[in-house]
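One structure is given below, encoded as structure tokens.
The values are calculated or read from the model by the stated rules, or taken from the named source; none is laboratory data. Because the structure is predicted, anything quoted here is derived from the model rather than measured. So basically every Cβ, Gly included, is an ideal-geometry build from the backbone, and we count neighbours across all protein chains shown. Heavy atoms of the whole protein, side chains included, go into the accessibility calculation; ligands, DNA and RNA do not. Shrake-Rupley method; radii C 1.70, N 1.55, O 1.52, S 1.80 Å.
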Amino acid sequence: MNTNSIENVSRRRFLKGAFSAGALVLGVRFLPQVLWAAVREPLYGPDVKDAVFNPNLFVGIEPNGTVIIVAHRSEMGTGIRTSLPRVLADELDADWTRVKLQQGIGDARYGSQNTDGSHSIREFFDVMREMGGAARLMLVRAAAQRWKVSPDECETRLSTVVHAASGRKLGYGELARAAAKLPVPKKQELQFKPSSKWRYIGKSAPMYDLAGICSGKPLYGIDTSLDGMVYASIEHPPVLGGKVKSYDDGEARRVAGVRRTVQIPPFKPPYAFQALGGVAVIADNTWAAFQGRSKLKIEWDNGPNASYNSTEYRKMLEETARKPGKVVRNDGDVEAAFAKGGKIVEAAYYTPHVAHAPMEPPNAVADYREGKVTAWAPTQNPQAVQDAVAGALGIKKENVICHVTLLGGAFGRKSMPDYVAEAALLSKEVGRPVKVTWRREDDIKFDYFHSVAAMYMKAALGENGRPSAWLQRSVFPSLMSTFDANTMYGAPLEVGMGWNDIPYDIPNLRVENGPAKAHVRIGWLRSVANIYHAYAVQSFSDELAHVAQRDPVEYLLDLIGPPRIIDLKSIGYWNYNGNTEQYPIDTSRLRRVVEMAASQAGWGKRKLGKGSGMGIAAHRSFLTYVATVVEVEVNDKGELKIPRVDTVVDAGLVVSPDVVRNQFEGAAVFGTSVTRTGEITATNGVIDQSNFHNYPVARIADAPYYTKVTLVESNAPPAGVGEPGVPPFVPALCNAVYAATGKRIRELPLSKHNLKA
Amino acid sequence: MIRLKVNGVEHSFDGDSEMPLLWYVRDKLGLTGTKFGCGEALCGACTVHQNGKAVRSCVLPMSAVQGAEIVTIEGLGKNGLHPVQKAWIRFNVPQCGYCQAGQIMQAVELLNSKAAPTDEDIERAMAGNICRCGTYQRIRAAIKAAARESA
Ligand code: FES
Ligand code: FES
């Protein structure tokens, strides 16, 4: 982020209306000057009606002392909308009670806004501090000039500059006008607070929108309402790539409140983020649109994906996993080591598709006028919305404005903006603002699914039951099939999620990936390939511990081996795009979370009753190290309860501890859903599940009763927190089931297994 | 013509009497605090009070609310926030927050009928309310705290 330059934009005309005259406003450029300047069209600000300003990451200080900070990342429950601005506010020494957030619209000038991959804090921490530090120094210099003292004699305290020697004080608001006339200090001139002086970073605080959420304020995409808006519900082709052969909307149009129907053309491969096609019913309210839709008579041409059957597909994946695949890491000589003998252990694991099912189904409002679209959407990626809408309508990206609302959950689903493209297409067709609302059935049937996967594992155990050789192979349809239907192998980022980065100390280690073609849309789901990879590696580790008759924690630590840095540059390991100097694979950090989690859970110390058991798993993902111990209770009827979870997290520096704890508590529940009941299947290309009755997710009594999250105190650079809780949870739960019942779970979900003794 | 009171205000409705109350309050009255999650009484996001009882508004046709007193999340606090809302805030319960209006409405009904609910009471009462973000442990803690405070 060091290449970004902070600019004083206080006197730019585009700020008029967004800020009062005399405000100090700093922006930062993420793009080279030429590109930045090339986007000349001013855009409308989210909260500022009729005012134009040039959105770039900024902080503004109003003459009345209000500090306005732009939140340019999407809020879906991770607290990022609050956390990043608090980093800025801390370095600015601002009074948080006088901070107002403004949600940034989609704009390439922010740099990437794609809020996925758990990287917001990591990537924007430094620039936020620089912005805050620069503004603070300008305010200090303005005060010093006024008082005719040296800036070194001045300090700041909660939005006030103080000259201790004379007892003089000036509020930031009073200084804004003068500070706005000063040049932006160079980065070398900034003096950052020592961490001991941090007021907000590392301290828990409520999310900015907390009270609004608890009192039902219209904050979410689905709450958007515009004058003259009509409501749409879309019948999608039941099979991916299917087309409308013919349809009859006579009855649909007779439903009270229904205005008309609109046929949406099928996508042109690759489907990417395009609308799926189908028939939309346009009505005066959501209910009428739903009703009209149920009266449509459509004949479909299903196309080649109608051959997709989960039962056969599974067989194919499992067979492929038994055959040599593409080698993505090769240490030592696995074949030679296997040939030498030792105890050979093999196991195969299988995980089905799962759906995101965020509580707020996909929805969007779009308003097309004279070649331009304004959209309001719960989206993780407003710039992808611009691209998708522009692509759908054949207009320029700059002519698409995307306002980002709060997201009622996302888990990756809302980084794929097909539903916004639909709203835009329909608005153009009907000449009014259109709100598209997906029913839950649409959400589950037409998701971009978490990939189905088969894993094959083989180890030779030598002395003391330690593996002398280890082979692992995974097969899954790749995410990249979204952009290229012929993709056959996992992308580097997928095989780099808990697979070729396996942090074990084994001399002969081979990691492979086999081919598979996708027949449904595959998407990013909270922690992505880490889920099935960690499930296989950590389950197999537990199996080997039992074969070796060793304690699973002690055995896991032995597998991880001595504290060291694992260098995987030679295999092109992607490391979540983190620089390996700053974010190496450090086994001492992985060991520490394992040891802490075991001791926190009372591993080997606490006596558990009959039918109870504990399981452990550890995993590094999104540059964060997590170990989880799950305790289960299984009664005579085979019913499972999860009384307790202990999770220890080393995510480096943590900005908002309580929000992070909430994320890991939630990850345990999300992992519970994946493990207990998460299963999407297809028959003849049609998804079998549709709503929460046949795609159950964890309810209060299914979820862990208590999850204790401990954050390792760390000065390491910040890493991801939204996703890394899920991968270790899943195998830890399965390992606990084994400890409690002796049943090894080699296939998810648990609901397929009879846990009765 | 269907007459009802929503958050103390009289309304009348003469549209499709099969329309669920959820869409009436959201699309017609603009009270969007009540959320759509499943449309099949499976998730609780749409929970409102009908004459003091928690109901799933997504499956409650307008024909069934003739003369009813409906309270939505927007009308819950008489003077400022309801104690349950305050407990939610104090425990930082929400993540995405989308389910929480429904959770709060359900919890208020529980506390109206049971001043000091046990874990089992809470699990039974809240069983129909899904939180996909997984805030259940905070929901339980906030309900207990709200119970203690009103005791
Ligand atoms: S929307 Fe009514 S219960 Fe789900
Ligand atoms: S807080 Fe997101 S669904 Fe409950």
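At a glance:
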item	result
Neighbour cut-off at most 12 other Cβ (10 Å), DSSP loop, GluC sites (Glu not before Pro), region B:1-99	B:Glu18
Region A:679-757: trypsin sites (Lys or Arg not before Pro) in DSSP coil with no more than 13 other Cβ atoms inside 10 Å	A:Lys756
Candidate lysines - alpha carbon under 19 Å from A:Lys637, same-chain residues fewer than 8 apart omitted	A:Lys610, A:Lys743, A:Lys752, A:Lys756
Given A:Lys100/A:Lys187; A:Lys372/A:Lys435; A:Lys295/A:Lys414, the pairs whose alpha carbons are separated by over 19 Å	A:Lys100/A:Lys187; A:Lys295/A:Lys414
Exercise: per-residue mean of other protein chain Cβ atoms within 10 Å, B:24-36	5
Accessible surface, per residue, of region B:83-150 when the full set of protein chains is kept, probe 1.4 Å, Å²	32 Å²
Histogram of C-alpha separations across the protein assembly as shown, 10 Å bin width, %	2, 12, 21, 24, 21, 13, 5, 1, 0
Chain A: antiparallel DSSP beta bridges as a percent of all, rounded to 5	75 percent
Whole-Å distance, taken between Cα centres, linking region A:691-757 and region A:170-212	40 Å
Segment A:Gln582-A:Ser196, extension gain: residue separation times 0.36 nm, minus the distance between their alpha carbons	136.8 nm
Loop trypsin sites (Lys or Arg not before Pro), region B:63-128 (other Cβ atoms within 10 Å of the site Cβ: 12 or fewer; DSSP)	B:Lys78
Per-peptide average of other Cβ atoms within 10 Å, ordering A:477-484, A:103-110, A:161-168 highest first	A:103-110, A:477-484, A:161-168
Pair-distance profile P(r), taking every C-alpha pair of region B:2-75, with 10 angstrom steps and integer %	22, 63, 15
Additional length obtainable on full extension of the chain from A:Ala336 to A:Ala757, 0.36 nm per residue less Cα span	147.5 nm
Rough spin-label spacing in nm, given labels placed 7 Å along Cα→Cβ, for A:Lys268 and A:Ile565	4.9 nm
Percent accessible area from carbon and sulfur atoms, region B:83-150, protein chains only, probe 1.4 Å	53 percent
Lysines whose Cα lies under 16 Å from that of B:Lys5, excluding same-chain neighbours fewer than 8 positions away	B:Lys28, B:Lys53, B:Lys78
Calculated FRET value between B:Lys53 and A:Lys396, using beta carbons and R₀ = 35 Å, to 0.05	0.05
Overall form of region A:275-337 per C-alpha gyration tensor (a/c, 1.5; a/b vs b/c)	prolate
Accessible surface of region A:232-388, 1.4 Å probe, proportion on carbon and sulfur as whole %	49 percent
Test item: A:653-660 mean partner chain Cβ contacts at 10 Å	1
Degrees separating the helix B:100-113 axis from the principal Cα axis of chain B, which is the longest one	80 degrees
Sequence-distant residues sharing a close amide H with A:Ala71 (under 5 Å, placed H)	A:Gln102, A:Gln103, A:Gly104
Peptide A:281-292, shielding by other chains (average Cβ, 10 Å cutoff)	4
Per-peptide average of other Cβ atoms within 10 Å, ordering A:305-311, A:562-568 highest first	A:305-311, A:562-568
C-alpha center-to-center spacing [region A:93-136, region B:76-151] in angstrom	32 Å
A:Glu512 long-range amide H proximity, modeled H, under 5 Å	A:Val328, A:Gln472, A:Arg473, A:Ser474
17 Å Cα-Cα reach of A:Lys458 towards lysines, excluding residues that sit fewer than 8 places from it in its own chain	A:Lys323, A:Lys326, A:Lys340, A:Lys343
Accessible area per residue, Å², chain A with all protein chains present, probe 1.4 Å	35 Å²
Chain B: angle of helix B:136-150 to the longest principal axis, Cα-based, in degrees nearest 10	90 degrees
